[in-house]
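This report concerns only the one structure given below.
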Amino acid sequence: MLEAGEPRDRTAAGVSAAAGPLAEDDGMALLDPARLSLRRGPTGVLRATVAGPAGLSYLQLAVYRAFPLSEPGRWVTLLDGEGREIGTIADPAALDAESGRLLAEECDLRYLTPHVVEVVEVREDTTEGGGWSPTLIWVLETDRGPLRLRLPNLVDHVRALGTHRYLIQDREGRRAEIVDATALPAASRAWLRRYLWL
Amino acid sequence: MTTDQPRPSAESGQTGALPDAIPSAGPPLCVASDLTEDGRGGRRWLVVADGEARVLAAAGLWPATGPGLGVDAEGALAGGRLVLAPPPPPDAEVTRRLPLGEVTGARVEPFVGSGALLAETRRGPVTLLRGSAALAADLGLAARALASLAKGEPLEIDPRDLPRHCPRCGRRLPANTRVCSSCVNRGAVLRRILRYAHPYRFQLGMAMAVTVIGSFVSVLPPKLSGWITDGLVYGDWPLHGRLGHGLAGLASLVTLLLAVSLLGILLQVWRGRVANRVGSQVMGDLRTTLWRGVQNLSLSYFDKAQLGEIMNRVSVDTARMQEFLTDGAPYFISEMLQLAFAVVLMFSMSWRLALVAILPGPLMIGTSYVCWPLIRRYDRRLWGMMARLNVVVNDALSGIRVVKAFGQEPREIDRFGAVSDRLVQQNIVTNNIWVTVFPIFGFVSGLGNILIWYVGGALVLHRTMQMGNLVAFTGFMGLLLGPLQWISNLVNWMTRAITSAERVFEVMDTDPDVAEAEDALSIGRIEGRIRVRNLQFGYAPHLPVIRGIDLEVEPGEMIGLVGQSGAGKSTLINLLCRLYDPDQGEITVDGHDLRRLRQDELRSQFGVVLQDSFLFDGSIAENIAYARPDATREEIMRAARIANAHVFIVKQPDGYDTMVGERGARLSGGERQRIAIARAILHDPRILILDEATASVDTQTERAIQEAIARLVRGRTTFAIAHRLSTLRGAHRLVVLDKGRVVETGTHDELMARGGRYAELVNAQRENARMAGEVGIGA
């Protein structure tokens, strides 16, 4: 495995050497961003082409973030339509502009996690879970529209990702992220102080 | 459905799609979703009509009837139509059209927090709808329906897979339950608990009578002290001096006080004992019923629920209910009665003073209603912290080998320290609240006493009241304010018990997925001819694991199931054992659909030997005779001999009486397997399942197991799964599975000659075997 901090020009070094789509590097199938381009096919599905002597192209593509929480911007693994690994892009920023945009778009759809811009209200629904541990209804305003999450408890449904960063996942599997709790409006922060360990 | 929230269906003037309200004509498929193409909240529909699939978009959001942005419509299946959502409003705009002729299939791509419904076309997959995770089941059903419609086949969907809604609040029910947790009728739950107390109604009636007498007795001492005071101060002995005057009067009153106190104690003990006995017995009954419920649940319930959670319901929740029945309810009733008696006595003595006495009451109730939610919130937080600490401890202890092996003790100590520090902080905050709130309660209740002294004292000074009444009143104050202080906490206590009761009843009320047919067939000893037709199944409706399998197996035939992990081998076995029912297609045994057969009879003729042979807590003999507890010692030994297990068993210090399982002797993997084989031999099943029966044992042990298996499978229809293909040497036919489909069938030689998938697997394994220095198949 590559350390996150290692220089990324190591991937560039593999360009000329490898004949296939991969720039083999310490067993990590890293894709060379200079030779990879992503486009949408006629039905809107993402396609990948790897330039070079082999000139491989993939008509179907699934993108996966290796570290969706700790480093969502890097380490994107591509699988083909059959679920086989194509390789991993260490740094999507090195892709051409159009490919980078499409990759980010596709990743955002797969890891649909609206960012909370306001905590409108947290209601305790004592009809469920009883008085001691009522179900909490979080009424949120997010960058993707309003969202209401139903959390039977906080312990299993809120994960602290950092000092002021939280991931909330309701019992249906819907998610929302508080990127920086200190940046929210005062009223929202008051709700968080009441229910989270701020 | 809710009446206060307008539903989209109202706009188009059509009623909600309840089964009897669904119009027989209309689009064969209508499903809605709650996300736009770019993942924002919005309203989208997929409607199949006039030979094409249409995606429609309407402005605005779904009304928040359910949780989140989700559409929360009921589903219905009628006349070959699947309607999962109210129809789109007339102003909805068609954003995409796809002729059904172009659709070759449909599937759901599960994402994180959302999912997409894709149609397969010859030009590639087309994303039709995106929906939040809450709609995964809807999209899955829609995908199945779309695929069927595109092929021109009728919809084959089990009505039980449709989303169900609470008939009262309209909220969507979680899968697998009939009870809406938000709408449980609290009174009904209490009545249901009390139904379990019905056999003990005589004892309960006694306890009730004792409680009434006891409460009355407990309010007498203040009254007596009042009498004593009046006698001493005014020479005014009660009941016109019938109890004597002077020292004699004092002696009789004090004796009475002593007697009343003793009686009170005796009644309290008696009441406690009766309540304890009845409470424990009721809970015992309830626990047994619950356990029966848990045992009868389908396996799929255990896939979804966590084991710890089920254990909690059996132990913690029933304990809470018992606490309520034995402590809570009797305490509550006696406190309330005591309060009532005290108030009546006080009003009979002096109505003015009685009014003053109950004055702080509303204040106390008010304070407690303000304080309890706060205390509760902090209490919950403390509980959460404690849970985290437990997780850390649990983790480090169960993984202690790993911790030691990697020398990470200091790290574990730090991890514990960090959580413990936070717990300390939380403890301080929470306890600060307690130590502040309680003196406040004390002060408010003390206020009443202070008022009594002033108002009562003034009445005594004005000679409108005697000293004794004042003394009696100060005594009553203690009785009065105790219950008031706890009144809202008692409500809380009851809520907790009812919540626990709900969780307990929820398990009891869960429908088994694999239900016994009402007119289940009894077919006696089965021959073992098995037919699998167009079998399709997925653990979640949108993720098919078995995608259409057809197979015919003759009685006594041994089938080897081959394929990579995830190919569907184990799932096929689960379906054959009817641990799950298929989504589509059928499995027949001797010509009868599995679903039509009596489950107990079927199970008694199925035998299973699993990879990790589970041995129960008990002796080896008991484990071998698990399915036939009446087996003789000789039968047990014969089975063990056939399984090549006899010799190693008798070598154990306690022979067949050796304890195994959780607390018992340590047996090697190969030994456990042979005991499991002996269990299957004694069970004498008609259909046998071998799942990875020989993995991870040395060559000699493997030979012993192979021998045992060869004897076991003789004359039985057998399905064997093995990663090591050499294990399948004895199979009559090999069935190669890949991605939920049969790709090849034939004998080992036939398949090798064909050079297909199987040959690939064998060669790959030979390669591995050569590298590992082991012997592969055919070598």
Among (1) crowded, with 22+ Cβ neighbours inside 10 Å; (2) part of a strand (DSSP E or B), the one test that residue B:552 misses:
(1)
So how many residues does the stretch A:63-83 have that are in contact (Cβ under 8 Å) with a residue 40 or more places away in the chain and within 14 Å of chain B (Cβ to nearest Cβ)?
5
Across the stretch A:37-54, what is the number of residues that are over 21 Å from the mean Cα position of the chain (by Cα) and more than 8 Å from chain B (Cβ to nearest Cβ)?
6
Of the residues B:336, B:321, B:283, B:311, which is at pLDDT below 85 and within 24 Å of residue B:213 (Cα to Cα)?
B:336
Residue A:100 outside any helix (DSSP H, G or I), of a type in the set (Gly, Ala, Ser), farther than 30 Å from residue B:372 by Cα and more than 11 Å from every other protein chain (Cβ to nearest Cβ)
no
Name the single residue that is farthest from residue B:325 (Cα to Cα) among those in the stretch B:187-229 being among the aromatic types (Phe, Trp, Tyr) and at pLDDT 85 or above.
B:227
Test for residue A:126: is it at pLDDT below 85 and more than 16 Å from residue A:30 (Cα to Cα):
yes
The condition of being surrounded by fewer than 13 Cβ atoms within 10 Å (Cβ to Cβ), of a type outside the set (Gly, Ala, Ser) and at pLDDT 90 or above holds, among A:82, A:71, A:98, only for A:98
So if I check each of B:681, B:687, B:649, which one is more than 25 Å from residue B:590 (Cβ to Cβ) and modelled with pLDDT of 85 or more?
B:649
Could you please let me know if residue B:547 is touching a residue at least 60 places away in the same chain (Cβ under 8 Å) and assigned to a loop (DSSP other than H, G, I, E, B)?
no
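Residues checked against (1) surrounded by 11 or more Cβ atoms within 10 Å (Cβ to Cβ); (2) away from chain A (no Cβ under 14 Å):
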| site | (1), (2) |
| --- | --- |
| B:390 | yes, no |
| B:397 | no, yes |
| B:408 | yes, yes |
| B:429 | yes, no |
| B:432 | yes, yes |
| B:446 | yes, yes |
| B:451 | yes, yes |
| B:463 | no, yes |
| B:470 | yes, yes |
Answer yes if at least one residue in the stretch A:36-45 is farther than 21 Å from residue B:37 by Cα, not small (Gly, Ala, Ser) and not assigned by TED's automatic domain parsing to the domain that holds residue A:173, and no otherwise.
yes
Before we move on, is residue A:173 surrounded by fewer than 18 Cβ atoms within 10 Å (Cβ to Cβ), farther than 25 Å from residue B:374 by Cβ, within 7 Å of chain B (Cβ to nearest Cβ) and modelled with pLDDT of 80 or more?
yes
Would you mind stating whether residue A:105 is surrounded by fewer than 18 Cβ atoms within 10 Å (Cβ to Cβ), away from chain B (no Cβ under 14 Å) and either under 30 Å from residue B:134 (Cα atoms) or basic (Lys, Arg) (or both)?
no
Given the residues B:247, B:190, B:290, B:286, which is the only one that is out of contact with any His (no Cβ under 9 Å at 6 or more places or on another chain) and either farther than 30 Å from residue B:505 by Cα or not in a helix (DSSP H, G or I) (or both)?
B:247
Lone unmet requirement of (1) within 13 Å of chain B (Cβ to nearest Cβ); (2) assigned to a strand (DSSP E or B) for residue A:88:
(1)
Single condition residue A:149 does not satisfy, out of (1) within 11 Å of chain B (Cβ to nearest Cβ); (2) in a loop (DSSP other than H, G, I, E, B):
(2)
Single match in B:461, B:423, B:397 (criterion: farther than 30 Å from residue B:357 by Cα, out of contact with any Leu (no Cβ under 9 Å at 6 or more places or on another chain) and of a type in the set (A, V, I, L, M)):
B:397
Applying the selection to the stretch B:416-458, what residues are over 34 Å from the mean Cα position of the chain (by Cα) and among the polar types (S, T, N, Q)?
B:432, B:436, B:445, B:449
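The values are calculated or read from the model by the stated rules, or taken from the named source; none is laboratory data. The shown structure was predicted, so the numbers you read here are calculated from the model rather than taken from an experiment. As a convention, Cβ positions derive from the backbone with ideal geometry for all residues, glycine included, and neighbour counts pool all protein chains shown.
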